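Enquirer: The structure follows.
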Amino acid sequence: MGHKYLLLAFCLWALTCLLLPASSNGLVRINLKKRPLDLQSITAAKMARKKSGEGVKGIYNYLGSSDEVIVPLKNYLDAQYYGQIGVGTPPQNFTVIFDTGSSNLWVPSSKCFFSIACYFHSKYKSTKSTSYSKIGKSCEINYGSGSISGFFSQDSVEVGDLVVKNQIFIEATREGSLAFLLAKFDGILGLGFQEISVGDAVPVWYNMVRQSLVDDDVFSFWFNRDPNAKEGGEIVFGGVDPRHYKGKHTYVPVTKKGYWQFDMGDFLIGNHSTGICEGGCAAIVDSGTSLLVGPTPVITEINHAIGAEGFVSAECKQVVTQYGDLIWDLLISGVTPNKVCSQIGLCLFNRARSVIQSVVERENMNGSLPRDDLLCTACEMTVIWIQTQLRQKGTKDKVLQYVNELCDSLPSPSAEAVIECEKISNMPDITFTIGEKPFTLTPEQYILKTGEGLATICISGFMALDVPAPRGPLWILGDVFMGVYHTVFDFGDLQLGFAEAA
């Protein structure tokens, strides 16, 4: 008889566990939906990012401390993963991008009258919330492809089955970007650091921690790579789910609070080093973009290796033809690579002067770079390419021929990233070195497919963005990388963890 009661008690316990909310084990789970990428979105994203990142000529935004310059890396045209939150009491539901590359929460306001985008999305109505508190201070956030503006308000925010109280957020009254008109999401929930929060508003994640709503100061992303799956993935607040990854995580420290930034080591195409990050590169993990973004010289080599056509650069070919031998000889003789182009007279001005002149030049040249700058840039890339080949002990003739071919593969902001799908099996692996360990992407993982059957189009998952020193060179590891490697954002110990995704 006792055994029957014991069995009944066990069954009741098991049933209770099943009925408890997802956060009962200390983890708060948010299911993510995934929209398929299309060629139009990727092309638009590339053009927007190219526009915002042309050398030092992108839009810069002073956020946080007055001496800090933050590069606006976002445009959201290629954002894939989004989930639902509630704002107010009772909660008004919004679909948002959970974005580790920004720090503010914003949703469209019912007071947004003059932006077409607002009429295609849910809008927050403060009069319908009993927990609303007025702030009213105006603000603006600049993105690579446009901006949003509005004013600050305060209300409760529901994330999963948690309620964050007194959360400051932005009611957007103007959305000046095509991205927000076409978007499947209503707003953005930033998961970056407060250092880059507009208006120094406390991010939602900070308040989750401060209000003791999570057991651990950690959140993690898992993206479902099965294209036929109903759920696109899951973000877990308060820890990690062991079912989301295999093996152990490799942890690296956050090197600069703002974005989730860390130091990355060498970058390899196949088994060959590109030399760009041999001495270390800054990298950020960004759930708000799908692509892998890196310096133009590396993206050019990747384009060449995978057969993605670029635009033919006359300046690049001119430098290789007229100065290739001289560049080779200077590097062989031991001249420091960063001084080669100035010694041969192609880079006449230092970077500081170029930055000062850039605004005037942009106005005078209608946004285009002067020819001297183009030759200087082409020379700097040529030096990097030749230096890489020297390490592999290539002969001068073969190296200069290879570099000349790279001039045909310079990344274009238009649709030249389309490649032949049948060639994927012959493409090289791409390897990032993180925490002195290799993190490899196969061609099947870094090539994006859109369409079905005969209409299938294959697109390179890489795009170029040149961020100047001291913040650059910079890599942005988006969803292409995060889909392969489960990512842990450890806020308490200021570190990032990467493990093979399950």
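Enquirer: Mind counting the residues in segment 328-367 that are out of contact with any helix residue (DSSP H, G or I) (no Cβ under 8 Å at 6 or more places or on another chain), modelled with pLDDT under 75 and polar (S, T, N, Q)?
Expert: Residues meeting the conditions: 5.
Enquirer: If you take the residues in segment 77-87 that are in contact with a helix residue (DSSP H, G or I) (Cβ under 8 Å, 6 or more places away or on another chain) and open to solvent by 10 Å² or more (accessible area, probe 1.4 Å), which one is modelled with the lowest pLDDT?
Expert: Among those that are in contact with a helix residue (DSSP H, G or I) (Cβ under 8 Å, 6 or more places away or on another chain) and open to solvent by 10 Å² or more (accessible area, probe 1.4 Å), it is LEU77.
Enquirer: When you scan segment 98-119, do you find a residue that is within 29 Å of PHE193 (Cβ to Cβ), assigned to a strand (DSSP E or B), open to solvent by less than 20 Å² (accessible area, probe 1.4 Å) and modelled with pLDDT under 95, even just one?
Expert: There is at least one residue in segment 98-119 that is within 29 Å of PHE193 (Cβ to Cβ), assigned to a strand (DSSP E or B), open to solvent by less than 20 Å² (accessible area, probe 1.4 Å) and modelled with pLDDT under 95.
Enquirer: Need pairs with beta-carbon distance below 8 Å; first residue touching a residue at least 24 places away in the same chain (Cβ under 8 Å) and within segment 416-439, second of a type in the set (Phe, Trp, Tyr) and open to solvent by 40 Å² or more (accessible area, probe 1.4 Å); sequence gap 6+ or separate chains.
Expert: These pairs meet every condition: GLU416/PHE311; GLY435/TYR251.
Enquirer: Okay, next question. Can you pull out the residues in segment 134-146 that are surrounded by fewer than 17 Cβ atoms within 10 Å (Cβ to Cβ) and among the polar types (S, T, N, Q)?
Expert: Matches in segment 134-146: SER138 only.
Enquirer: Here is a follow-up. State which residue is farthest from ILE30 (Cα to Cα) when the search covers only segment 151-167 and only residues that are among the hydrophobic types (A, V, I, L, M, F, W, C) and open to solvent by 30 Å² or more (accessible area, probe 1.4 Å).
Expert: Only one residue tops the list, namely PHE151.
Enquirer: Tally up the residues in segment 120-133 that are open to solvent by 30 Å² or more (accessible area, probe 1.4 Å), farther than 30 Å from PHE491 by Cα and of a type outside the set (S, T, N, Q), please. Show your work before the answer.
Expert: Quick first cut of segment 120-133, residues open to solvent by 30 Å² or more (accessible area, probe 1.4 Å) only: 120, 122-123, 125, 127-128, 130-133.
Remaining after also requiring farther than 30 Å from PHE491 by Cα: 120, 122-123, 125, 127-128, 130.
Right, trim to of a type outside the set (S, T, N, Q) and you get 120, 123, 125, 128.
Adding up the residues that qualify gives 4.
The values are calculated or read from the model by the stated rules, or taken from the named source; none is laboratory data. For clarity, every value in this text was computed on a predicted model and none was experimentally measured. As a convention, Cβ positions derive from the backbone with ideal geometry for all residues, glycine included, and neighbour counts pool all protein chains shown. The area values use the complete protein model at the heavy-atom level, side chains included, leaving out ligands, DNA and RNA. Shrake-Rupley method; radii C 1.70, N 1.55, O 1.52, S 1.80 Å.
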